[in-house]
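Derivation of every value follows stated rules applied to the coordinates shown; laboratory data play no part. The structure presented is a predicted model; accordingly, all values stated were derived computationally and were not measured. Cβ atoms come from the backbone with ideal geometry, glycine included; neighbour counts cover every protein chain shown.
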Amino acid sequence: VNAHFTPKLLAGKRVLITAGATLEMIDPVRGITNLSSGKMGYAIAQAASDMGADVTLVSGITALNPIANAANIKAESAQAMYEAVMSNIMNQDVFIAVAAVADYRPVTQQHEKIKKSTSSLTLELTPNKDILADVASLPNAPFCVGFAAETENLLEYAETKRKAKKLPLIVANLAKEALGSEENSVTLIDKNGAHPIQRASKTEVAKLLLQHIAHML
Ligand code: CTP
Ligand code: CA
C-alpha cells in the first residue's frame, strides 16, 4: 500500500517508540544483550509516520537505517534508553515499548579487557529500571503499549504483564514467531480480551496495531 493512501488516523498525535536491543557492557570489548533486530519497532515507527503521527524513535542496537520524518535517537544501554525516553516523554500521546531491554547490567564495567584464565568467572548483575512501567505510572502518562515476548504461556504471561505495568494494551508475541523474521504473528490484549492478528509482514502487523491504538485513543 502506498503511504500516500494510508488514512491519517494518527494525524496530530505524538508517538514515542523504543526499538532494538540494549547492550550492557562488561568491559570495553564485551557486553550482554538480547536478540532483537529492531524490525518490529522500526516498522511501527514507519507506519505511525505514514499515518500522520509525529514520531520519536529511541533505538538500542540495530543495523537498520533511521526512519525518515522521525526524530531518531540512539541509546545503547538500558540506562541511556531510560534517560532518552524520560527526557522526551513530555507531551507524547502514545508510548510503544518495543525494545528488548536487558533486565540486568554488570555491577561494574571493567576499564580494561578482562583477560582469560582457567578458573571460572562470575559476573555480578544488578537490575535495570523498567522504562515502560515507569512511563505508565507518570502523572500524565501517555497511552502506553507494551510488547510481551514469551517462550511459553503466552497469553497468560502477557495479560499478567499488562496488569502489572497498568497498560491499556499489550502485544503478546511468541519469541520464535518474531525473532530475526520479516514476519510476525501477535495477539493484542486489552481490557476487552484477546484480538489475534494473523501472521503477516511486520509492516502489516504494525498498521493493524496502530489502527487498534487509534481506535482506543
Ligand atoms: N521493558 C522496558 N524496560 C525494561 C524492561 C522491559 O521498557 N527495563 C518493556 C519492553 O520494551 C516491553 C515490556 O516492557 O514492552 C515487556 O518486556 P518483557 O521483557 O517481555 O517483560 P519484563 O517485564 O521485563 O519481564 P520478563 O523479562 O521477566 O518476562
Ligand atoms: Ca525483560
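Please list, in order along segment 66-75, the HN-Hα scalar couplings obtained from phi with the Karplus expression 6.51 cos²θ - 1.76 cosθ + 1.60 (θ = phi - 60°), rounded to whole Hz, x for Gly and Pro.
x, 8, 5, 6, 10, 7, 9, 10, 8, 8
Taking LYS129 as the anchor, which aspartates and glutamates have their alpha carbon closer than 17 Å to its alpha carbon, excluding any fewer than eight residues away along the same chain?
By straight Cα distance, LYS129 reaches GLU24, GLU76, GLU83, ASP103.
What are the ³J(HN,Hα) couplings of segment 196-212, residue after residue, when phi is run through the Karplus curve with 6.51, -1.76, 1.60 and θ = phi - 60°? Round to Hz, x for glycine and proline.
x, 10, 4, 4, 7, 4, 4, 4, 5, 4, 4, 5, 5, 4, 5, 5, 4
Once the other residues with Cβ under 15 Å from the Cβ of ALA172 are scored (Lys, Arg +1; Asp, Glu -1), what is the net sum?
Summing Lys and Arg as +1 and Asp and Glu as -1 gives +1.
Which of ILE26, ILE197, ILE213 has the fewest other C-beta atoms within 10 Å, and how do the rest follow up to the most?
Exposure proxy ranking, most exposed first: ILE197, ILE26, ILE213.
Mind listing P(r) for segment 1-116? All alpha-carbon pairs, 5 Å bins, whole percents.
2, 12, 21, 20, 16, 11, 7, 5, 3, 2, 1, 0
Note down the net charge around ILE61, summing +1 for each Lys or Arg and -1 for each Asp or Glu among other residues with Cβ under 12 Å from its Cβ.
The answer is -1.
Roughly how many Å is it from the Cα centre of segment 163-217 to that of segment 26-104, as a whole number?
Value for the Cα centre distance between the two parts: 17 Å.
Looking at this model, which pairs from LYS74/LYS207; LYS39/LYS113; LYS39/LYS115; LYS13/LYS202; LYS13/LYS39 are more than 26 angstrom apart at the alpha-carbon?
The pairs that break the limit, which is 26 Å between Cα atoms, are LYS39/LYS113; LYS39/LYS115.
Could you work out which residue, out of GLY41, GLY146, GLY193, moves most in a Gaussian network model of the chain, that is, has the largest mean-square fluctuation with Cα springs under 10 Å?
Most flexible of the set in this elastic network: GLY193.
If you wrap a convex hull around the alpha carbons of segment 95-151, what volume per residue comes out, as a whole number of Å³?
Spread over its residues, the Cα hull of segment 95-151 gives 134 Å³ apiece.
Given R₀ = 35 Å, FRET efficiency for LEU217-GLU124 by Cβ-Cβ distance, to 0.05?
Computed FRET efficiency for LEU217 and GLU124 comes out at 0.20.
Using Cβ counts within 10 Å as a stand-in for footprinting exposure, how do LEU35, LEU138, LEU167 rank, fewest first? Present the calculation step by step, with values, prior to reporting the outcome.
Details: LEU35 11, LEU138 14, LEU167 24.
Ordered by Cβ neighbours within 10 Å, fewest first: LEU35, LEU138, LEU167.
Taking amide H atoms as placed 1.01 Å from N in the peptide plane, list the residues 5 or more away in sequence, or in a different chain, whose amide H sits under 5 Å from that of ASN128.
Amide H neighbours of ASN128, under 5 Å, 5+ apart: TYR104, ARG105.
Tell me, what ³J(HN,Hα) does each residue in segment 45-50 have, in order and in whole Hz, if you take phi through Karplus 6.51 cos²θ - 1.76 cosθ + 1.60 with θ = phi - 60° and put x for Gly and Pro?
3J(HN,Hα) across segment 45-50, in whole Hz: 4, 5, 5, 5, 5, 4.
In the Gaussian network model of the chain, springs joining C-alpha atoms below 10 Å, which of GLN109, GLN92, GLN79 carries the largest mean-square fluctuation?
Comparing GLN109, GLN92, GLN79 in the GNM, the peak value goes to GLN109.
Just the ratio, please: alpha-carbon radius of gyration of the chain over 2.2 N^0.38 Å, N its number of residues. It would help to have the intermediate numbers written out before the result.
Details: Rg = 17.7 Å, N = 217, 2.2 N^0.38 = 17.0 Å.
Relative to the rule-of-thumb radius for its length, the chain sits at 1.04.
Using a Gaussian network model of the chain whose springs link C-alpha atoms within less than 10 Å, name the residue from THR122, THR33, THR56 with the highest mean-square fluctuation.
THR122
Of all DSSP beta bridges in the chain, what percent run antiparallel (nearest 5)?
Values: 20 of 46 bridges.
Counting only bridges with both partners in the chain, antiparallel ones make up about 45 percent.
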